[in-house]
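Input: a single structure, listed below in structure tokens.
The values are calculated or read from the model by the stated rules, or taken from the named source; none is laboratory data. Quantities reported herein were computed from a predicted structural model and do not represent experimental measurements. With ideal geometry, Cβ positions are generated from the backbone for all residues, glycine too; neighbour counts draw on all protein chains shown.
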Amino acid sequence: MLLAHQLAIESDWITADMIEATEFPDLVRRYAVSGVPKTVINETLWIDGAVPKTEFIGRVLEGAAMAKELPSVGP
Amino acid sequence: MRLFSEAERQQIVDRLRDMRNPVKIVYFTQELDCEACPVVRELLEDVVELSDKLTLEIYNFHVDKDKVAQYRVDKTPAIIVEGAKDYGIRFYGLPAGFEFAALLEDILQVSQGRSNLQPEFVSRLADLKSPVHLEVLVTPT
């Protein structure tokens, strides 16, 4: 199963989209996708390829910490 | 037309037998400029037939504005796998191959209200207190 979806189940703060890249060329351009999987975090950070779970989660937490610095983001 | 052979249907039935609580699949479609939408609808209609714990709600992306806002979808085809609550799980596009397997797995885990992620990873999420939006771009396999 997709790790991003597992994280969404386990944390109310996480939403996770699985996007079929070929159907959304605009997103592929916007995020400069040259290979898959590519995971984009809060539209700013990204993870290229499949990485170990611990590294993936570390990157997600890093993205969250950055979001916290932006007062306009969040519920 | 059926998308699945009888053998495939049986495999899906067997897979979904482990569902615990009901799961609602919410699907957003549109009439124009969405080549994949009709086949996604057909796929979902076929799948929900295979478990009495599965239901399907279909909304029009351009008409059902309140639902679009509630589920915060911004493109079609959009699939939401919702259980006791909306966990924030979305599929955009036709879930084929690996993505279809992921959809079935999501249905099972949402139905159980928990992922089967190892506890040491789950515990790392405990301190998370700000929103994270993950977009995973994939291609069919």
(message) Restricting to segment B:82-98, count the residues that are more than 8 Å from chain A (Cβ to nearest Cβ) and surrounded by 21 or more Cβ atoms within 10 Å (Cβ to Cβ).
(response) 1
(request) Just need a number here: residues in segment A:34-67 that are of a type in the set (D, E, K, R) and not in a helix (DSSP H, G or I). (result) 3
(request) Among the numbered conditions (1) within 10 Å of the chain's Cα centre (by Cα); (2) under 25 Å from A:R59 (Cβ atoms), tell me where B:E82 comes up short. (result) (2)
(request) Tell me, yes or no, whether segment B:65-72 has at least one residue that is away from chain A (no Cβ under 11 Å), crowded, with 20+ Cβ neighbours inside 10 Å, without any contact (Cβ under 8 Å) to a residue 60 or more places away in the chain and over 17 Å from A:T15 (Cα atoms). (result) no
(request) Looking only at segment B:1-23, decide whether some residue is touching a Leu at 6+ places or on another chain (Cβ under 6 Å), within 19 Å of B:V136 (Cβ to Cβ), buried (at least 16 other Cβ atoms within 10 Å of the Cβ) and of a type in the set (A, V, I, L, M, F, W, C). (result) no
(request) Scan segment B:4-42 for residues that are among the aliphatic types (A, V, I, L, M) and more than 17 Å from B:L108 (Cα to Cα) and jot them down. (result) B:A7, B:L32, B:A36, B:V39, B:V40
(request) Run down B:V40, B:V48 and say which single residue is surrounded by 21 or more Cβ atoms within 10 Å (Cβ to Cβ), out of contact with any helix residue (DSSP H, G or I) (no Cβ under 9 Å at 6 or more places or on another chain) and modelled with pLDDT of 95 or more. (result) B:V40
(request) Could you grab the pairs with beta carbons closer than 8 Å, sequence gap of 6+ or different chains, first residue in segment B:123-138 and among the β-branched types (V, I, T), second one modelled with pLDDT under 95 and surrounded by fewer than 18 Cβ atoms within 10 Å (Cβ to Cβ)? (result) B:V138/B:F98
(message) Here is a check on your reading of the model: is A:D12 at pLDDT 95 or above, facing chain B (nearest Cβ under 7 Å) and in contact with a Phe, Trp or Tyr (Cβ under 9 Å, 6 or more places away or on another chain)?
(response) no
(message) With the condition being small (G, A, S), I'd like the helices (runs of 4 or more DSSP H) fully within segment B:49-141 carrying at least 2 qualifying residues.
(response) B:98-112
(message) Anything in segment B:99-141 that is within 26 Å of A:E43 (Cβ to Cβ) and exposed (fewer than 15 other Cβ atoms within 10 Å of the Cβ)? List them, or say none.
(response) B:A126, B:D127, B:K129, B:T141
(request) Within segment A:1-8, identify whether any single residue is within 7 Å of another protein chain (Cβ to nearest Cβ), over 23 Å from B:Q118 (Cβ atoms) and among the aliphatic types (A, V, I, L, M), and answer yes or no. (result) no
(message) Restricting to segment A:15-26, name every residue that is at the interface with chain B (Cβ under 7 Å from one of its Cβ atoms) and either within 22 Å of A:P52 (Cβ to Cβ) or not acidic (D, E) (or both).
(response) A:T15, A:A16, A:D17, A:M18, A:I19, A:A21, A:T22, A:F24
